[in-house]
Amino acid sequence: MTHYQKLLRITTNGKSFLNITSKIAATVAESGIETGLCTLFLRHTSASLVIQENADPDVLVDLANFMAKLVPESGQYIHNAEGADDMPAHIRTALTHTSEHIPINRGHLVLGTWQGIYIWEHRQRSHARELVIHISG
């Protein structure tokens, strides 16, 4: 079995979804692995990884609006060391996830037609995020 690993440093634009599908696909191609598994791990506790709709941006808007209602920044949180969005960002990450696994077939990610891979930044300001990509096959 062959393993390939890469660390990507990605800057987010504050609270938003950042489509990273092409960066992941390029890394899979670079690995040379034809059949296997791509594991993604975001090394943070206030941003998430999601596989979501890539055709209609309204889906992402609705998700963000739902999460804002579910975990409001106006809540009475004890942890607020980095501002009012600090603890809500941690809760939002706990409700989503920081890793994803995507099969690889014929050197390509096996995503559905309308699926994209996103970093979901939960903080108001931009952050430098680290994503570990591990490909095995």
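The values are calculated or read from the model by the stated rules, or taken from the named source; none is laboratory data. Computed from a predicted model, the values in this text were never measured in an experiment. So basically every Cβ, Gly included, is an ideal-geometry build from the backbone, and we count neighbours across all protein chains shown. These accessible areas exclude ligands, DNA and RNA; they are computed on the full protein's heavy atoms, side chains included. Shrake-Rupley method; radii C 1.70, N 1.55, O 1.52, S 1.80 Å.
At a glance:
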quantity	calculated
Residues (aliphatic (A, V, I, L, M) and either without any contact (Cβ under 8 Å) to a residue 40 or more places away in the chain or within 30 Å of Glu82 (Cα to Cα) (or both)) located in region 98-132	Val110, Ile117, Ile119, Ala128, Leu131, Val132
Test: residue in region 81-95 that is under 21 Å from Leu8 (Cα atoms), surrounded by 13 or more Cβ atoms within 10 Å (Cβ to Cβ) and under 18 Å from the mean Cα position of the chain (by Cα)	yes
Test for Val61: is it farther than 18 Å from His3 by Cβ and open to solvent by less than 50 Å² (accessible area, probe 1.4 Å)	no
Matching residues in region 88-131 - criterion: being within 23 Å of Lys69 (Cα to Cα) and out of contact with any strand residue (DSSP E or B) (no Cβ under 8 Å at 6 or more places or on another chain)	Pro88, His90, Ile91, Ala94, Leu95, Gln124, Arg125
Residue, farthest from the chain's Cα centre (by Cα), within region 9-30, restricted to residues that are open to solvent by less than 30 Å² (accessible area, probe 1.4 Å) and hydrophobic (A, V, I, L, M, F, W, C)	Val28
Among (1) among the aliphatic types (A, V, I, L, M); (2) open to solvent by less than 40 Å² (accessible area, probe 1.4 Å); (3) out of contact with any Phe, Trp or Tyr (no Cβ under 8 Å at 6 or more places or on another chain), the one test that Leu111 misses	(2)
